[in-house]
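Q: Before I ask anything, here is the structure I am working with.
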Amino acid sequence: MMDGSSGSPPKEIVPGAPASPGIIDLASPDIGERERVLVDESLRSGWIAYGSFVDRFEENVSSYLGVRHAVALASGTAALHVALIVAGVRSDDEVPVSGLSFVAPANAIRYLGAWPVFIDAEPDHAQLDVEVLERFLADECTSHAGDLFNRRTGRRVAALLPVDILGHPADLDPILDLGSRYGLPIIEDAAEGLGAHYRGGPVGGKADIGCLSFNGNKIVTSGGGGMLVTNDANLADRARYLVTQAKDDPLEYVHGAIGFNYRLSNIHAALGCAQFERLEEFVSAKRAIAQLYEEGLREVPGVRLPREAAWAQSTYWLYTVEIDAADYGMGSRELLQRLVSDGIQARPLWQPLDRSPAHAGPTIGPCEVAYGLHQRCLSIPCSVSLRPEEQARVIGAIRRHARHLA
Ligand SMILES: *Cc1c(COP(=O)(O)O)cnc(C)c1O
């Protein structure tokens with residue numbers, strides 16, 4: 001039984017699971033009274049599936065991001081799927097995408113029968129390495145009749161899909177430049193970027209299409225949900241049409257395309273509205289946690305702390321440290337085991353996607369930086385409701401296990 005009513009916490013880390021007694025959680029959601037009030041209002045309104053909370057959620061997000069259109073969806077993965085379709089990606093096309101990322105964007109590319117081309121991460125902030133992307137486009141691709149082709153595979157390159165990971169933005173401006181130079185639409189996976197800032201503006205609204213997630217472990221949750229945002233009315237209209245079953249004549253059930261049932265429910269949107277009101281509160285909480293980790297861990301040998309780029313303000317959505325085994329005295333996985341025995345949840349980064357059994361295949365050279373980060377990195381507890389004494393326990397444990405501080 002893992003339904004929340006049973007006493008024992010699950011062995012694996014379930015995204016968005018409630019806090020477990022005695023265990024310091026990696027990142028559990030914080031649901032307050034306002035959330036209960038708005039969800040109750042949605043239930044009492046009788047508008048269960050579609051309703052005004054959906055519109056309100058879209059308006060709140062689009063005005064925060066400064067974009068003209070937002071389409072609320074059942075998940076961030078659905079947002080990515082539809083974004084790729086409306087951006088014009090077709091079967092057998094290629095889409096360069098961050099190789100160090102949660103798996104969803106690569107899956108979405110495969111839903112269309114297109115192929116991900118995995119781009120390595122840069123070592124400083126673990127985001128997509130723009131130089132690797134630039135070299136791929138300049139050296140390995142060729143233009144023909146207005147399209148760009150990967151010379152080695154012969155496939156058309158149809159879009160670029162940078163992913164903001166861990167609450168820190170990818171360096172989007174040079175990626176947007178590459179997009180205009182090569183005529184490629186940019187789809188930004190900002191599922192982990194919401195609340196962060198890039199060169200002074202909020203992350204998520206600057207690319208041709210932005211995709212957000214409100215899954216249980218994201219900075220703002222609707223229980224499950226996502227959003228597609230864009231300034232392009234045609235893209236937004238097409239997306240809205242496709243995600244509501246592509247109805248040409250709803251009365252006579254005439255459908256003009258293969259559609260999807262991807263709309264967010266009004267109940268989920270009500271929860272999303274209440275959580276979204278608290279975005280700034282959550283970002284402040286995450287940043288205060290990062291500050292305390294900085295103070296408590298910066299002198300521990302072999303522990304490298306996350307840093308912000310000069311052009312970025314991170315949310316530190318998932319606070320992630322890099323462990324150098326030689327200097328620290330043990331590797332990241334051994335430390336992970338020790339922390340778990342201490343009742344502290346921790347988690348490695350995702351397997352780099354070019355090594356994923358589901359996605360092994362086309363990549364532009366091995367994602368060497370991503371492999372190293374995958375081996376060395378651990379995310380440590382950073383729930384917005386993490387108490388200072390709990391955080392002191394985490395800091396104490398990481399210091400205690402360090403060889404040179406023992
Ligand atoms: C969570 C996440 C998604 C997927 O969002 P869901 O709402 O879980 O479908 C996509 N990309 C990244 C980078 C994510 O972290």
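Q: Assigning unit charges at the beta carbon (Lys, Arg +1; Asp, Glu -1) and nothing else, what dipole magnitude in debye, to the nearest 20, does the chain show about its Cα centre?
A: My answer is approximately 640 debye.
Q: Right, next: Pop a pseudo-label 7 angstrom from the Cα along the beta-carbon direction at both Arg355 and Asn261 and give the gap in nm to one decimal.
A: 3.9 nm
Q: Next question. Might you tell me the accessible area per residue for region 253-292, computed with a 1.4 Å probe and given in Å²?
A: 46 Å²
Q: Kindly rank 24-34, 271-281 from highest to lowest mean number of other beta carbons found within 10 Å of each residue.
A: Taking the mean over residues of other Cβ atoms within 10 Å, the ranking is 271-281, 24-34.
Q: Give me the net charge of Ala309's neighbourhood, meaning all other residues with Cβ under 9 Å from the Cβ of Ala309; Lys, Arg count +1, Asp, Glu -1.
A: Summing Lys/Arg as +1 and Asp/Glu as -1 gives -2.
Q: Here's another thing I want to ask about it. Which of the listed residues, Leu336, Gly296, Ala310, is farthest toward the dipole's positive end in the chain, when Lys, Arg count +1 and Asp, Glu count -1 at the beta-carbon?
A: Final value for the positive-end residue is Leu336.
Q: First compute the accessible area of the chain with a 1.4 Å probe, then give the percent of it belonging to carbon and sulfur atoms.
A: Exposed carbon and sulfur together represent 51 percent of the surface.
Q: How big is the charge dipole of region 317-406 about its Cα centre, in debye rounded to the nearest 20, if each Lys and Arg gets +1 on its Cβ and each Asp and Glu gets -1 on its Cβ?
A: Taking the Cα centre of region 317-406 as origin, the dipole is about 240 debye.
Q: First check a/c for region 1-126, with a ≥ b ≥ c the square roots of the eigenvalues of its C-alpha gyration tensor; if it is under 1.5, answer rounded, and if not, answer prolate when a/b is larger than b/c or oblate otherwise.
A: Verdict is oblate for region 1-126.
Q: Hand me the tally of lysine pairs in the chain: alpha carbons under 27 angstrom apart, and the pair either on different chains or 8 or more positions apart.
A: 5
Q: Can I ask one more? Got a sec? Which residues in region 91-112 would a label at Ser180 touch, if it sits 7 Å along Cα→Cβ and we count backbone N under 15 Å?
A: Output list for this probe position: empty.
Q: Could you list the square roots of 5 times each eigenvalue of the Cα gyration tensor of region 154-194, that is, the equivalent ellipsoid semi-axes, sorted largest first and rounded to whole Å?
A: 21, 11, 7
Q: Let me test this: with uniform point scatterers at the alpha carbons of the chain, what is the Debye-based log₁₀ I(q)/I(0) at q = 0.10, 0.11 1/Å?
A: Rounded to two decimals, the profile gives -0.68, -0.82.
Q: On to the next question. With every protein chain left in place, what is the accessible area per residue of region 311-369 in square angstrom, probe 1.4 Å?
A: 42 Å²
Q: Now a separate question. Stretch His404-Ile13 to full length: gain in nm at 0.36 nm per residue minus the Cα-Cα span?
A: 137.7 nm
Q: Also, quick follow-up: Using the C-alpha gyration tensor of region 54-100, what are the square roots of 5 times its eigenvalues, in whole angstrom, with the largest one first?
A: 25, 12, 11
The values are calculated or read from the model by the stated rules, or taken from the named source; none is laboratory data. Since this is a predicted model, take the numbers as computed values, not measurements. FYI the Cβ positions are ideal-geometry reconstructions off the backbone, even for glycines, and counts take in every protein chain you see. Side chains included, ligands, DNA and RNA excluded: accessible areas come from the protein's heavy atoms. Shrake-Rupley method; radii C 1.70, N 1.55, O 1.52, S 1.80 Å.
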